[in-house]
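Heads up: the structure comes next, in structure tokens.
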Amino acid sequence: GAWVNHHRAPTNDVRIRRAVQMALDMDEIMEISTDGAYALQPGLQYPGNPYYVKNGEQYYNVKNPKKAAALLKEAGYKGEEFVIITNSSYQSMYKAAQIVSEQLKGIGMKVRVDVFDWATAMNQRRNKEGWNLWFTGQGSGPSVGPFSALKDVVSPQNNQFVADPVLDKLFAELVLGETFDARKETFGKFQERVYEQVLFLKFGDLMRKQASRSNVKGFMPYRIPRLWNVWIE
């Protein structure tokens, strides 16, 4: 996916952010950037996770460029440069940026794609004047969970550079929730706010197949292979 900069024009206007969100065809982005190894679903947690919710799904994969172009016009977009930062180290991110760029040009946006190695891209992320979309991957393994899945949009991290008091309040409620049901309900509101204000653009879920021979014991699949408590019998 990609972080969205709420400080730099034109993505300091929520109408522009929603036009971008509305224009994107996630099937095309994921098909090309992953060679077909992907799944589409709106959750910021994965299906089967206790905190998996679909709040905000009405904003996901809308793929309506005509309506997006109309929203750009309504917002008074006048060809301001839209800067995408991606990297050459992770091919899925690099390819996704190229497709997003073409899709946004298709609704009339003036797009520039800056490509760096991963370390330089990470450094460039700190420059709030330097980009509108910053491409990345977002882990959602069991050790990540709802509390840290998108902590970078909460104060004081604020990858979007502009604090959102509503989101900050929801995150505090999530952390302090006394019951699982209360925390899950809050996480749903948190996820919907992320979509509604377009803090993060989720493209899709990367898939990875893992296998082991029958004499390998203790191996459990994980998003990054884990080899502790694994042995050959």
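The values are calculated or read from the model by the stated rules, or taken from the named source; none is laboratory data. Computed from a prediction, not measured in an experiment: that's the story for all the values here. Quick reminder, even Gly has a Cβ in these numbers, built from the backbone with ideal geometry, and neighbours come from all protein chains shown. For accessibility, only protein heavy atoms count, side chains too; no ligands or nucleic acids. Shrake-Rupley method; radii C 1.70, N 1.55, O 1.52, S 1.80 Å.
Give the residues of the stretch 127-164 that are at pLDDT below 95 and open to solvent by 60 Å² or more (accessible area, probe 1.4 Å), sorted by residue number.
GLN138, PRO142, SER143, PHE147, LYS151, PRO156, GLN157 - these are the residues of the stretch 127-164 that are at pLDDT below 95 and open to solvent by 60 Å² or more (accessible area, probe 1.4 Å).
For the stretch 22-74, enumerate the residues that are open to solvent by 40 Å² or more (accessible area, probe 1.4 Å) and touching a Pro at 6+ places or on another chain (Cβ under 7 Å).
Those that are open to solvent by 40 Å² or more (accessible area, probe 1.4 Å) and touching a Pro at 6+ places or on another chain (Cβ under 7 Å): LYS54, GLU57.
Specify the residue that is farthest from GLN41 (Cα to Cα); the eligible residues are those in the stretch 192-212 that are at pLDDT 95 or above and not hydrophobic (A, V, I, L, M, F, W, C).
Among them, the one singled out is GLN197.
On the given criteria, is GLN191 open to solvent by less than 10 Å² (accessible area, probe 1.4 Å), assigned to a helix (DSSP H, G or I), in contact (Cβ under 8 Å) with a residue 60 or more places away in the chain and not small (Gly, Ala, Ser)?
For GLN191, the condition - open to solvent by less than 10 Å² (accessible area, probe 1.4 Å), assigned to a helix (DSSP H, G or I), in contact (Cβ under 8 Å) with a residue 60 or more places away in the chain and not small (Gly, Ala, Ser) - is met.
Please state which of the following conditions ILE84 fails to meet, knowing it meets all the rest: (1) farther than 20 Å from ASP13 by Cβ; (2) buried (at least 18 other Cβ atoms within 10 Å of the Cβ).
Of everything listed in (1) farther than 20 Å from ASP13 by Cβ; (2) buried (at least 18 other Cβ atoms within 10 Å of the Cβ), ILE84 misses just condition (1).
Can you tell me which residues in the stretch 194-233 are open to solvent by 70 Å² or more (accessible area, probe 1.4 Å), in a loop (DSSP other than H, G, I, E, B) and not aliphatic (A, V, I, L, M)?
Those that are open to solvent by 70 Å² or more (accessible area, probe 1.4 Å), in a loop (DSSP other than H, G, I, E, B) and not aliphatic (A, V, I, L, M): ARG208, LYS209, ARG213, SER214, PRO221, ARG223, PRO225, ARG226, TRP228, ASN229, GLU233.
Which residue, of ASP13, ASP25, ASP35, is of a type in the set (Asp, Glu) and on the phi > 0 side of the Ramachandran plot?
ASP35
Within the set of pairs 6+ apart or on separate chains, which have a first residue in the stretch 200-215 that is within 30 Å of ASP25 (Cα to Cα), a second that is basic (Lys, Arg) and at pLDDT 90 or above, and C-beta atoms under 9 Å apart?
From the stretch 200-215, the pairs are LEU201/ARG17.
Please go through the stretch 181-233 and pick out each residue that is of a type in the set (Phe, Trp, Tyr) and touching a Lys or Arg at 6+ places or on another chain (Cβ under 7 Å).
Scanning the stretch 181-233 gives a single hit, TRP231.
Among strands (runs of 3 or more DSSP E) lying entirely in the stretch 39-156, which contain 2 or more residues that are of a type in the set (Val, Ile, Thr)?
Counting at least 2 such residues, we get 81-87, 110-116.
Just need a number here: residues in the stretch 91-117 that are open to solvent by 40 Å² or more (accessible area, probe 1.4 Å), of a type in the set (Asp, Glu) and touching a residue at least 24 places away in the same chain (Cβ under 8 Å).
Selection size over the stretch 91-117: 1.
Taking the stretch 171-182, which residues are part of a helix (DSSP H, G or I), open to solvent by less than 60 Å² (accessible area, probe 1.4 Å) and modelled with pLDDT under 95?
PHE171, ALA172, LEU174, listed by residue number.
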